[in-house]
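Remarks on the structure that follows.
The values are calculated or read from the model by the stated rules, or taken from the named source; none is laboratory data. All values derive from a computational prediction rather than experimental measurement. Don't worry about glycine lacking a Cβ; one is built from the backbone with ideal geometry, like all the others, and counts go over all protein chains shown. In case anyone asks, the SASA skips ligands and DNA or RNA and just uses the protein heavy atoms, side chains included. Shrake-Rupley method; radii C 1.70, N 1.55, O 1.52, S 1.80 Å.
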Amino acid sequence: MDGRAHRYYILAASILPPLGLVTAIVLLWNRAVHTHDLVILAVFYAFCALGITVGFHRLLTHRAFKTPKPIRLALTVFGTMSAEGPPITWVAHHRKHHALADQEGDPHSPHLHEDTGFRAALKGLWHAHWGWLFTEELTSDPMRYAPDLVREREMRWISRHFLSIAAVGVLLPGLAGLAVTGTLAGFLTGVLWGGLVRVFLIHHVTYSINSICHYFGRRRFGTEDHSSNVAWLALPTLGEAWHNNHHAFPTSYRHGLRWYELDPSAAFIWTLERARLAHDVVRISPERERKKLIGATPEANGDGAAAPDREMVG
């Protein structure tokens, strides 16, 4: 996709889902919404969000586990249906983010502006949440950051056809609505709720990791960035909002490292493992966790400081 096509796509993906949300709110206000519409929304949100969190993020980007090719490709397709771009490009951007987190070159850090104060904070948050997508010079060379995926024929095919796959992701909920109701209205509300509204919601919970989770929240581990854990975002992001945990241990299949830290994506991977559909699942030992705790003692990490080293993938 060249620069002009990318701009058109980002513009369409920025306008159509919000328009769908406004339409959905009007229908809600007029009580013109049926239970099956919300069920379709919930089902497609779950599958497509898992495609992003488990597929694009923990599997493709960080290789937190391995799974048979059919499941790998299914997760990739579900992630592509979320309309966040081709999987190879998504992974390249995210690996670049980890390589340069909150430093010059990070595609979506909220901390790269020289100004200070409230306006600067808003400017940084806007850039991290949404504005970076409109940056014309935005590049993350796939051959540098995702050569493993570039070498995969299936990943190249999915990335090349991601617009068609994203469109299918909008139309499938409509077909589900048509199957339930047998009416054109059921098809259209399926497209609205399971398609456009679902895309809007997944986009903005994903973007919130880039913005909110690098600006607000709590930090447990010493890392060389501003990543934070934001508990109230954990459920809608399916566990991605334990972001400081993630930056401390990028390859861990779990982002919620405590029993009380909700992480539905980790539960999904654990279920795959129990069903013998996932293997080489990366777990972090308690000793490694202790070494990276903020304020860790010299005895804990061997050198008298919290260990902020980056755990790289590429």
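Tell me, yes or no, whether the range 110-118 has at least one residue that is open to solvent by less than 30 Å² (accessible area, probe 1.4 Å) and either touching a His at 6+ places or on another chain (Cβ under 8 Å) or within 19 Å of residue 151 (Cα to Cα) (or both).
The first filter runs over the range 110-118 and keeps only residues open to solvent by less than 30 Å² (accessible area, probe 1.4 Å), leaving 110.
Adding the requirement that they be either touching a His at 6+ places or on another chain (Cβ under 8 Å) or within 19 Å of residue 151 (Cα to Cα) (or both) leaves 110.
Checked the range 110-118: at least one residue is open to solvent by less than 30 Å² (accessible area, probe 1.4 Å) and either touching a His at 6+ places or on another chain (Cβ under 8 Å) or within 19 Å of residue 151 (Cα to Cα) (or both).
Answer with yes or no whether residue 83 is in contact (Cβ under 8 Å) with a residue 12 or more places away in the chain, of a type outside the set (Asp, Glu), surrounded by 20 or more Cβ atoms within 10 Å (Cβ to Cβ) and over 20 Å from residue 251 (Cβ atoms).
So residue 83 passes the test.
Cβ contacts < 9 Å: first residue within 16 Å of residue 279 (Cβ to Cβ), restricted to the range 46-66; second residue open to solvent by 10 Å² or more (accessible area, probe 1.4 Å) and modelled with pLDDT under 95, any location; separation 6+ or different chain. Result?
62/311; 62/313; 63/313
On the given criteria, is residue 282 at pLDDT 55 or above and open to solvent by less than 70 Å² (accessible area, probe 1.4 Å)? Outline the logic, then answer.
Working: at pLDDT 55 or above: yes; open to solvent by less than 70 Å² (accessible area, probe 1.4 Å): yes.
When the stated conditions are applied, residue 282 passes them.
Does any residue of the range 88-101 turn out to be surrounded by 15 or more Cβ atoms within 10 Å (Cβ to Cβ), farther than 30 Å from residue 161 by Cα and touching a residue at least 40 places away in the same chain (Cβ under 8 Å)?
The answer is no; no qualifying residue exists.
Filter the range 24-76 for residues that are more than 27 Å from residue 94 (Cα to Cα) and among the charged types (D, E, K, R); which is surrounded by the fewest Cβ atoms within 10 Å (Cβ to Cβ)?
Once the filter is applied, the top-ranked residue is 31.
Taking the range 136-182, which residues are over 30 Å from residue 95 (Cα atoms) and either of a type in the set (S, T, N, Q) or touching a residue at least 40 places away in the same chain (Cβ under 8 Å) (or both)?
If the condition is that a residue be over 30 Å from residue 95 (Cα atoms) and either of a type in the set (S, T, N, Q) or touching a residue at least 40 places away in the same chain (Cβ under 8 Å) (or both), then 172, 173, 176, 177, 180, 181 are the ones that fit.
Which one of these does residue 105 not meet: (1) open to solvent by 40 Å² or more (accessible area, probe 1.4 Å); (2) on the phi > 0 side of the Ramachandran plot; (3) at pLDDT below 95; (4) not hydrophobic (A, V, I, L, M, F, W, C)?
(1)
For the range 183-221: of the residues being over 15 Å from the mean Cα position of the chain (by Cα) and open to solvent by less than 10 Å² (accessible area, probe 1.4 Å), which is farthest from residue 93 (Cα to Cα)?
186
Can you tell me which residue within the range 126-182, out of those that are at pLDDT below 95, part of a loop (DSSP other than H, G, I, E, B) and over 23 Å from residue 198 (Cβ atoms), is least open to solvent (accessible area, probe 1.4 Å)?
Only one residue tops the list, namely 140.
Between residues in the range 111-129 that are in contact (Cβ under 8 Å) with a residue 40 or more places away in the chain and residues that are part of a helix (DSSP H, G or I) and of a type in the set (Ser, Thr, Tyr), which pairs lie under 6 Å by C-beta distance while being six or more apart or on different chains?
Short answer, once both residue conditions are applied: 125/211; 128/211; 129/207; 129/211.
For the range 65-79, check the following and say yes or no: at least one residue is in contact with a His (Cβ under 9 Å, 6 or more places away or on another chain), modelled with pLDDT of 95 or more, of a type in the set (S, T, N, Q) and within 24 Å of residue 280 (Cα to Cα).
Step one: list which residues in the range 65-79 are in contact with a His (Cβ under 9 Å, 6 or more places away or on another chain), which gives 65-67, 79.
Retained after the next criterion (residues that are modelled with pLDDT of 95 or more): 65-67, 79.
Next cut, of a type in the set (S, T, N, Q) only: 67.
Applying the additional criterion that residues be within 24 Å of residue 280 (Cα to Cα) yields 67.
Yes, because at least one residue in the range 65-79 is in contact with a His (Cβ under 9 Å, 6 or more places away or on another chain), modelled with pLDDT of 95 or more, of a type in the set (S, T, N, Q) and within 24 Å of residue 280 (Cα to Cα).
Return yes or no: is residue 237 β-branched (Val, Ile, Thr), in contact (Cβ under 8 Å) with a residue 12 or more places away in the chain and surrounded by fewer than 21 Cβ atoms within 10 Å (Cβ to Cβ)?
Values: β-branched (Val, Ile, Thr): yes; in contact (Cβ under 8 Å) with a residue 12 or more places away in the chain: yes; surrounded by fewer than 21 Cβ atoms within 10 Å (Cβ to Cβ): no.
When the stated conditions are applied, residue 237 does not pass them.
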